[in-house]
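Below is one structure, written out as structure tokens; comments come after it.
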Amino acid sequence: MVLRTDNTVSAAGATGAAGSGGRIMLAHGGGGQLTDSLIAQTILPRLGNDVLRDLLDAAIMEGGSERLALTIDGYVVQPWRFPGGDIGRLAVSGTVNDLAVCGARPVGLALGMIVCEGFAVGDLDGILRSVAETAAEAGVSVVTGDTKVVGRDQGDGIYLTTAGVGVVRRGLRLHPDQVRPGDVLIINGPIAEHGLAVMLARQMPDMSIAVRSDVSPLSRMIERVLEAVPDDVVFMRDPTRGGLAGAAADLAARSGLRVVLEETAIPVSRAARHAAEMLGIDVLDVANEGKVLIVARPGAAERVLAVLREDRYGAGAAVIGRVEEARDGICELRTLLGGRRIVQKPYGEQLPRIC
């Protein structure tokens, strides 16, 4: 997103909405309702402008003859290495994906590193190797950066910040205001794997974990989708913090239309479902780092699915819901048993520091 909050600061006595008399909680950085409250009540009143208030995954700006996209994100994941990836792969993937879901082709990344005194040089080299390999996979280069070292009691291992610039073709507008009744929701594969992998690695470090993070750069896959159906994809979002529930509920609220998810259609691996049950959390709320939620015109659904399934990161693509006529801004889940329940953004975050 254009604007995100760091979730490394906590303090006692925090309030549900961080006003001038409240204090920041870890949950304010969870990508849920508390994050929205912090942005709306504290950040936007000071910094808000027409571009920032759009709160897309990247800011779209006019740059001479080209349209540019800009995004930035901080990564504080703990542990920094987890099944399926590490903080280096996460940082590059997260930034190129934020650009790609706004229709941008990434052209350059900036990398900022805050390294704690005592961090192993060999581990830093491994993280940088992941950065380089993931950037090469995404077809983008790290072109500038910054490195700082802090005392061993001033941080926890290593934190990364990545910013990315991309180019958006003229005439392309991916925005919730383009969504119409009848549009379909498509996801490129099984959900919840990143957040669950990190949670299990942190809570059970000595346990062999079957769930692996889905962290992946999706820019090339998304570019092929936009080339195949240039006028029929109307909005995209990567369901990171807040998970699929957060992305779908936000889509409903911002479009003003009812979004209906089909529980039977949402792909979830057996290992992820078992892990979520063990941790007592809803898979819809869990962060993803290799998934894209695509809203497309109904006539383009099969073509979108075909393009996604040609890519290794889209082999499990499925239509998981649709937009209905009701203009109430509600997201609803039709359950396995045929019932219905309202889907809301998570209040905060089950466990902090998954990205």
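Backbone amide hydrogens, once placed in the peptide plane, bring residue 234 within less than 5 Å of 295, 296, 297, excluding anything fewer than 5 places away on its chain. Among beta bridges identified by DSSP and lying wholly in the chain, the antiparallel ones come to about 80 percent.
For the pair residue 264 and residue 47 in one chain, pulling the backbone fully straight at 0.36 nm per residue adds 73.9 nm over the alpha carbon distance. Judged by the gyration tensor of its Cα atoms, with axes a ≥ b ≥ c, the stretch 253-332 is oblate; a/c meets the 1.5 cut and b/c is at least as large as a/b.
For the stretch 179-296, the Kirkwood hydrodynamic radius comes to 15.1 Å, computed from all pairs of different C-alpha atoms. State whether the chain is rounded, prolate or oblate according to the following rule on the C-alpha gyration tensor (a ≥ b ≥ c being the square roots of its eigenvalues): a/c under 1.5 gives rounded; otherwise a/b larger than b/c gives prolate, and the remaining case gives oblate. Since a/c stays below 1.5, the shape of the chain is classed as rounded. As an exercise, identify the trypsin sites (Lys or Arg not before Pro) in the stretch 295-355 lying in DSSP coil whose Cβ has no more than 16 other Cβ atoms within 10 Å. Sites meeting the loop and neighbour criteria: 312, 327.
Let me check I've understood the local charge: for residue 192, count other residues with C-beta under 10 angstrom from its C-beta, Lys and Arg +1, Asp and Glu -1. What total comes out?
Once positives and negatives cancel, what remains is -2.
Each other residue within a Cβ distance under 13 Å of residue 283 adds +1 if Lys or Arg and -1 if Asp or Glu, for a net charge of -3. Positive-end ranking of 190, 233, 321 along the dipole of the stretch 176-342, with charges on Cβ about the Cα centre, is headed by 190. Projecting the Cα atoms of 247, 221, 281 onto the charge dipole of the stretch 197-355, computed from C-beta unit charges around the Cα centre, puts 281 farthest toward the positive end. Once you reduce the stretch 220-299 and the stretch 146-181 to the center of their Cα atoms, the two points are 19 Å from each other. Ellipticity at 222 nm from helices only: DSSP H runs of n ≥ 4 in the chain, each -39500 (n - 2.57), divided by the residue count, give -8000 deg cm²/dmol. Within the shell of other residues whose beta carbon sits under 14 angstrom from the beta carbon of residue 130, the net charge comes to -3, with Lys and Arg scored +1 and Asp and Glu -1. Taking amide H as placed 1.01 Å from N in the peptide plane, residue 269 has its amide H under 5 Å from the amide H of 191, each at least 5 places away in sequence or on another chain.
The loop-placed GluC sites (Glu not before Pro) in the stretch 62-166, going by DSSP, that have at most 11 neighbouring Cβ atoms within 10 Å of their Cβ come out as 117.
Coordinate-derived values only; no laboratory data. This one's a predicted model, so the numbers in the text were calculated from it and none came from an experiment. No Cβ is skipped: glycine too gets one built from the backbone with ideal geometry, and neighbour counts run over all protein chains shown.
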